[in-house]
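Read through the structure below, which is laid out as structure tokens, and then see the notes.
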Amino acid sequence: ATNVPYLGREMQVENLRDFCDEFYPLAKADLATVFVQRVLELCSSQSTVALVVPQYWLFLGRSKHLRAHLLSKSYWRLLAKLGPGAFESISGEVVNVALTVIDNLTPIEAKFNQLDVSKSSPANAKAQRLKVVYPVSFDQKSQLSNPDSVIGYSVDGGSKLLEEYATSYQGLATSDNAQ
């Protein structure tokens, strides 16, 4: 059980980037995600890891292949969205984190629980909420069918994705373009 190192690819020295490219191409976007993959590789079969990780890797496109790999090859036990302010020693919205508990075991008909205490504040309130909040259960295999294998939500029960209602012809832009 540990908190992973946080260092985006753009801030890594060349040797570290080269190492990540060569040995962890699925996770190379951030040292935190490299750490997740490496820890699972170092653990024996059927062992469990608990890692505090940045939440963004659960949904950003640059981590989609790693998510698909881990959802297919590892058994997720728990995802607890802690959100910003999870650490007493770090103030403000600096670090938005989640606690993941993952078994180094191939999933078979696996379900995992998600707890969300991200709206609670301060850190000790999050700790208390973790004891009483009702978990939401997700079928692990169905997470692979989410767009980009995003972890922690499901489209079921009549829910629809935004893409069924809207189309974006341009994303974020730095200036007004001619219409």
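The values are calculated or read from the model by the stated rules, or taken from the named source; none is laboratory data. It should be emphasised that the depicted structure is a prediction, and the values quoted were computed from it without experimental measurement. A quick note on method: Cβ atoms are made from the backbone with ideal geometry, for glycine too, and the neighbour counts reach across all protein chains shown. Areas reflect the complete protein model, heavy atoms only, side chains present, ligands, DNA and RNA absent. Shrake-Rupley method; radii C 1.70, N 1.55, O 1.52, S 1.80 Å.
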Filtered residues of the stretch 103-155 (kept if open to solvent by less than 80 Å² (accessible area, probe 1.4 Å), among the β-branched types (Val, Ile, Thr) and over 24 Å from Gly85 (Cα atoms)): Val155
Do you know which of the residues in the stretch 65-92 that are more than 29 Å from Pro25 (Cβ to Cβ) and touching a Lys or Arg at 6+ places or on another chain (Cβ under 8 Å) is modelled with the highest pLDDT? Gly83
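Taking the stated definitions as given, is Ala50 within 15 Å of the chain's Cα centre (by Cα) and more than 19 Å from Ser118 (Cβ to Cβ)?
no
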Those strands (runs of 3 or more DSSP E) completely within the stretch 82-156 that have 2 or more residues that are aliphatic (A, V, I, L, M) are 96-103
Tabulated pairs, the stretch 23-43, first touching a residue at least 60 places away in the same chain (Cβ under 8 Å) and on the phi < 0 side of the Ramachandran plot, second surrounded by fewer than 16 Cβ atoms within 10 Å (Cβ to Cβ) and part of a loop (DSSP other than H, G, I, E, B), C-beta under 9 angstrom, 6+ apart or interchain: Leu40/Ser47
Only one of Val13, Val95, Val49 is at pLDDT 90 or above and out of contact with any strand residue (DSSP E or B) (no Cβ under 6 Å at 6 or more places or on another chain). Can you tell me which? Val13
Return only the number of the condition from (1) modelled with pLDDT of 90 or more; (2) within 15 Å of the chain's Cα centre (by Cα) that Cys20 does not satisfy. (2)
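Is it the case that some residue within the stretch 22-34 is in a loop (DSSP other than H, G, I, E, B), of a type outside the set (Lys, Arg) and surrounded by fewer than 15 Cβ atoms within 10 Å (Cβ to Cβ)?
Among the residues of the stretch 22-34, at least one is in a loop (DSSP other than H, G, I, E, B), of a type outside the set (Lys, Arg) and surrounded by fewer than 15 Cβ atoms within 10 Å (Cβ to Cβ), which makes the answer yes.
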